[in-house]
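Participant: Structure in structure tokens, see below.
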Amino acid sequence: HAQQHLAQQQHQHQQFALLDQHQNQELALEQQQRQRDHEQELQRQRMREQQAGARDVADMEQGASALGDSSRTLRRESEFPTVSLGFDDSLTDFEIQRVLRTELARYQRRNAAFKTAKMQNKILNILHGYLHNASNAWHVHHAALVHVVAPFAFLFKKESEASYCFQLMMRALDAHFGPTNGRKTLGRFLMLFRSRLPELFTHFEEEDLEASQWASPWLQWLLCRELPFDCCLRLWDSYFSAPDGHGFDLHTFVCLAILESCQADLIELEHAELLSFLRHLPTLDMDRIIVQSQYLAHDFRSQR
């Protein structure tokens with residue numbers, strides 16, 4: 001029995017020794033793995049530091065470049081002739097020029113035909129000539145001027161011809177949608193909107209969509225800001241070709257026809273989406289819109 005007990009103890013000691021050896025091996029492996037992980041983390045940290053340093057250098061270079069561009073821009077702005085507007089306005093001449101240049105930069109990104117420096121200078125020259133002689137304050141610093149002059153700059157090769165037609169256009173806008181007749185035109189449009197499309201009108205009211213946010217610009221600027229450029233050209237062509245110079249009289253009904261055409265989409269939108277849609281209209285079948293507006297105008301006049 002003593003020998004058997006001694007053999008069992010030896011066997012247990014051997015097992016304990018093997019277990020200790022196995023545990024020591026596992027600890028050694030874990031320590032090696034931790035060491036490798038630590039080295040890899042140090043390497044990743046060094047790489048991050050190098051990348052951050054590279055970004056800092058790039059940012060510094062970009063900042064220096066931007067500062068140089070800003071200085072050149074300021075020099076170009078100072079070279080642009082000072083405009084004497086002849087009335088008390090909240091914007092200075094320099095600020096008005098910056099508004100127009102900023103809007104032109106946005107416009108040329110959406111319209112490839114206006115990306116050249118020659119076309120942009122043409123537009124700015126026409127606007128400068130107009131602002132220098134403008135006598136009415138309601139539109140002179142408005143960014144929409146860029147959109148109004150663009151079709152004429154695009155269609156007429158000679159700057160003088162484009163400028164002449166643009167100034168005629170601005171006088172026509174004054175007569176139809178300026179301070180004197182603007183409110184009356186807006187009131188008539190809203191009356192037609194409510195009577196023709198009551199469901200959509202109610203939806204606009206429920207979404208707290210004010211007419212000044214969309215309807216006033218639609219009427220004042222003949223949808224030149226909201227419609228794609230080709231659609232605007234087609235619409236304006238119908239206005240200019242109307243007999244007896246009454247093309248602009250159709251514009252209120254064109255706006256109504258657009259709402260009627262887009263009603264199914266508009267009725268599903270909420271306030272922010274509505275405003276975005278109304279300010280950036282999709283490509284529309286303008287021939288159909290114009291025909292529909294003529295029908296609406298005929299119905300309105302026959303009921304009077």
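Participant: Here's a check for you: in the range 271-291, which residue that is open to solvent by less than 40 Å² (accessible area, probe 1.4 Å) and in a loop (DSSP other than H, G, I, E, B) is farthest from HIS203 (Cα to Cα)?
Facilitator: LEU284
Participant: Determine whether the range 124-136 contains at least one residue that is assigned to a helix (DSSP H, G or I), at pLDDT below 90, within 18 Å of the chain's Cα centre (by Cα) and of a type in the set (A, V, I, L, M).
Facilitator: Checked against the condition, which is being assigned to a helix (DSSP H, G or I), at pLDDT below 90, within 18 Å of the chain's Cα centre (by Cα) and of a type in the set (A, V, I, L, M), the range 124-136 yields no hits at all.
Participant: If LEU223 satisfies every condition in (1) within 19 Å of the chain's Cα centre (by Cα); (2) part of a loop (DSSP other than H, G, I, E, B); (3) farther than 21 Å from ALA144 by Cβ but one, which is the exception?
Facilitator: Of everything listed in (1) within 19 Å of the chain's Cα centre (by Cα); (2) part of a loop (DSSP other than H, G, I, E, B); (3) farther than 21 Å from ALA144 by Cβ, LEU223 misses just condition (3).
Participant: In the range 258-268, how many residues are surrounded by 12 or more Cβ atoms within 10 Å (Cβ to Cβ) and either of a type in the set (Val, Ile, Thr) or without any contact (Cβ under 8 Å) to a residue 40 or more places away in the chain (or both)?
Facilitator: Here the count works out to 5.
Participant: Another one. Does PHE229 qualify as being without any contact (Cβ under 8 Å) to a residue 40 or more places away in the chain, under 26 Å from the mean Cα position of the chain (by Cα) and farther than 17 Å from PHE189 by Cβ?
Facilitator: So PHE229 does not fit the description; no.
Participant: Another question, then. Taking the range 175-192, which residues are modelled with pLDDT of 85 or more and within 18 Å of VAL148 (Cβ to Cβ)?
Facilitator: THR185 - this is the single residue of the range 175-192 that is modelled with pLDDT of 85 or more and within 18 Å of VAL148 (Cβ to Cβ).
Participant: Now for a separate question. In a helix (DSSP H, G or I) and more than 20 Å from LEU227 (Cβ to Cβ): is that true of SER302 in this structure?
Facilitator: Considered against the rule, which asks whether it is in a helix (DSSP H, G or I) and more than 20 Å from LEU227 (Cβ to Cβ), SER302 comes out as yes.
Participant: Tally time: how many residues in the range 151-210 are touching a residue at least 24 places away in the same chain (Cβ under 8 Å) and under 29 Å from HIS298 (Cβ atoms)?
Facilitator: 22
The values are calculated or read from the model by the stated rules, or taken from the named source; none is laboratory data. Given the structure is predicted, the values throughout are model-derived calculations rather than measurements. In this analysis, Cβ positions are derived from the backbone assuming ideal geometry, glycine residues included, and neighbour counts consider all displayed protein chains. Heavy atoms of the whole protein, side chains included, go into the accessibility calculation; ligands, DNA and RNA do not. Shrake-Rupley method; radii C 1.70, N 1.55, O 1.52, S 1.80 Å.
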